[in-house]
Amino acid sequence: MENFTYHNPVEVVFEEGCAARVGEYAARLGKKAVLVTYEEAGFLSSLFEKMHASLEAHGVAYCDYFGASPNPTLAQARCSIELCRAENADVVIGIGGGSAMDCAKVIAAGVCYEHKLEKMILFSHSDGEQIPPEKALPMILIPTLPATGSEMNSTAVITNEKTQRKSYVWAPACMYARYALMDPALTTGLPPFQTACGAVDTVAHIAESYFNGTSPALDVQDRMQEGVIRAVLDRLPYVLEHPDDVQARGVMLWAASIALNGWLLSGTYGWAPMHQMGHVLSAQFGATHGATLAVMILAWMRFFSSRPDNARYVQYAERIYGKSLPEAAEEYERYLVSVGLPTRISAFGATEADVDRLAGKVEAVSFGPDGLLASNPKLAKADVAAIYRLAL
């Protein structure tokens, strides 16, 4: 096992109806809240009515920012930062999937940030120019899509719309929410595609660590990770058939949180190279995050099928699927089709002519000072291009 320090200060309230009591929790943190959600949030109108009433009942003033997109941008965050400052807000409440919650995190930190907002995000892993935030307004996060686990981690992903670079900020000093209000009933109205994308995002968070672990003795983590992955893969078809089953939705919601709250990843190598390649696809084609990861997992399994340094992939195939790695890749592809997810980057609009450019985008953002992508084993630009080609 790798050495690690674990700390997660998020207080979780997992209960049907808890989001409608947001005022109770906001009143413990401040006097005026900014509620952050999507540009098109009509499907949340009933929830917002209840939340507004709860805030009023507990003496918390509020204003709404309906400005986050599915791949939020720095420009959107800046608008709400200006709103927070103008309104003297002292609490930020993020409601939605990972995009809305991540935007809320950047906003909460941005209000207190003394540098240009671009400096907060790790838009290059090699130039050393990032300045992580050290403080933020207190946050309440309310997930409506089981996927990113943003409600229980200290990471936020955002896109620079000018450079089309999508990357992240990791700031355990200030980016944990104070409260995560997790109501599985809020996820029952999700469309099938978003439900499936969220499930694969959960799997990808765990698989990144599983594939890139550096220690040979990971018995506890391996078995926990395998169990959560298998549970999500098994439960997803049922959820798609029974979308109103709150108990089943609750399984998916909690799985997404524990996939990336540190429990399953402590003592393992935590880099996420498949995510880095997926971020480029989102930034370039507007592709849904979970859909890009569905394709990337498949391409990585196939890429490592022909390499000798593939022990972790072989173990994954044997334990998750009971098959050889090439056979597991075939089964996983059939599974993606069955749950309505793409299996090729051509579904996002990518062609052979895009491959080298996409690999160059990964190199620009995600390669380290050594000129390699920090996977296990490390990969060169030609390897990244080969994986994209396998995914065409």
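Below is a table of values for the structure above.
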read-out	value
Residue match in the stretch 225-232 (condition: within 29 Å of ALA364 (Cβ to Cβ) and at pLDDT 95 or above)	no
Search result, residues across the stretch 156-180 that are closer than 20 Å to GLU118 by Cα, open to solvent by less than 40 Å² (accessible area, probe 1.4 Å) and part of a strand (DSSP E or B)	ALA156, VAL157, ILE158, THR159, ASN160, LYS166, SER167, VAL169
The stretch 81-109, subset more than 24 Å from LEU186 (Cβ to Cβ) and charged (D, E, K, R), residue surrounded by the fewest Cβ atoms within 10 Å (Cβ to Cβ)	ARG85
Residue in the stretch 216-224 that is more than 26 Å from ASN3 (Cα to Cα), open to solvent by 10 Å² or more (accessible area, probe 1.4 Å), part of a helix (DSSP H, G or I) and not β-branched (Val, Ile, Thr) present	no
Filter result for SER54 (within 20 Å of LEU181 (Cβ to Cβ), in contact with a Lys or Arg (Cβ under 6 Å, 6 or more places away or on another chain), buried (at least 16 other Cβ atoms within 10 Å of the Cβ) and of a type in the set (S, T, N, Q))	yes
When residues of the stretch 120-134 are limited to those that are more than 23 Å from ALA177 (Cβ to Cβ) and either among the charged types (D, E, K, R) or touching a Pro at 6+ places or on another chain (Cβ under 6 Å) (or both), the one most open to solvent (accessible area, probe 1.4 Å)	GLU129
Single residue of ARG28, ARG21 found to be among the basic types (Lys, Arg) and part of a loop (DSSP other than H, G, I, E, B)	ARG28
Single residue of the stretch 295-318 satisfying the filter (touching a Gly at 6+ places or on another chain (Cβ under 9 Å) and open to solvent by less than 10 Å² (accessible area, probe 1.4 Å)) that is nearest to ASP219 (Cα to Cα)	MET296
In the stretch 343-371, the residues that are without any contact (Cβ under 8 Å) to a residue 40 or more places away in the chain and surrounded by 18 or more Cβ atoms within 10 Å (Cβ to Cβ)	VAL355, ALA359, GLU363
Index of the failed condition, PRO243 passing every other in (1) assigned to a helix (DSSP H, G or I); (2) under 15 Å from VAL339 (Cβ atoms)	(1)
Matching residues in the stretch 261-282 - criterion: being buried (at least 22 other Cβ atoms within 10 Å of the Cβ), hydrophobic (A, V, I, L, M, F, W, C) and under 21 Å from LEU373 (Cα atoms)	LEU265, ALA272, MET274, MET277, VAL280, LEU281
Among (1) modelled with pLDDT of 95 or more; (2) farther than 16 Å from SER154 by Cβ; (3) open to solvent by less than 50 Å² (accessible area, probe 1.4 Å); (4) within 15 Å of the chain's Cα centre (by Cα), the one test that TRP254 misses	(3)
Extreme residue, nearest to GLN194 (Cα to Cα), among residues of the stretch 68-80 that are open to solvent by 10 Å² or more (accessible area, probe 1.4 Å) and not in a loop (DSSP other than H, G, I, E, B)	THR73
Which listed residue, of LYS381, LYS323, is open to solvent by 20 Å² or more (accessible area, probe 1.4 Å) and either under 22 Å from the mean Cα position of the chain (by Cα) or over 29 Å from SER124 (Cβ atoms) (or both)	LYS323
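For every residue, the table says whether it meets (1) crowded, with 21+ Cβ neighbours inside 10 Å; (2) under 15 Å from ALA185 (Cα atoms).
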{"site": "LEU233", "(1), (2)": "no, no"}
{"site": "GLU241", "(1), (2)": "no, no"}
{"site": "VAL246", "(1), (2)": "no, yes"}
{"site": "ALA259", "(1), (2)": "yes, no"}
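The values are calculated or read from the model by the stated rules, or taken from the named source; none is laboratory data. Source: prediction; values computed, not measured. Here the Cβ is made from the backbone with ideal geometry for all residues, glycine too, and neighbour counts use every protein chain on show. Surface accessibility is based on the protein's heavy atoms, side chains included, excluding ligands, DNA and RNA. Shrake-Rupley method; radii C 1.70, N 1.55, O 1.52, S 1.80 Å.
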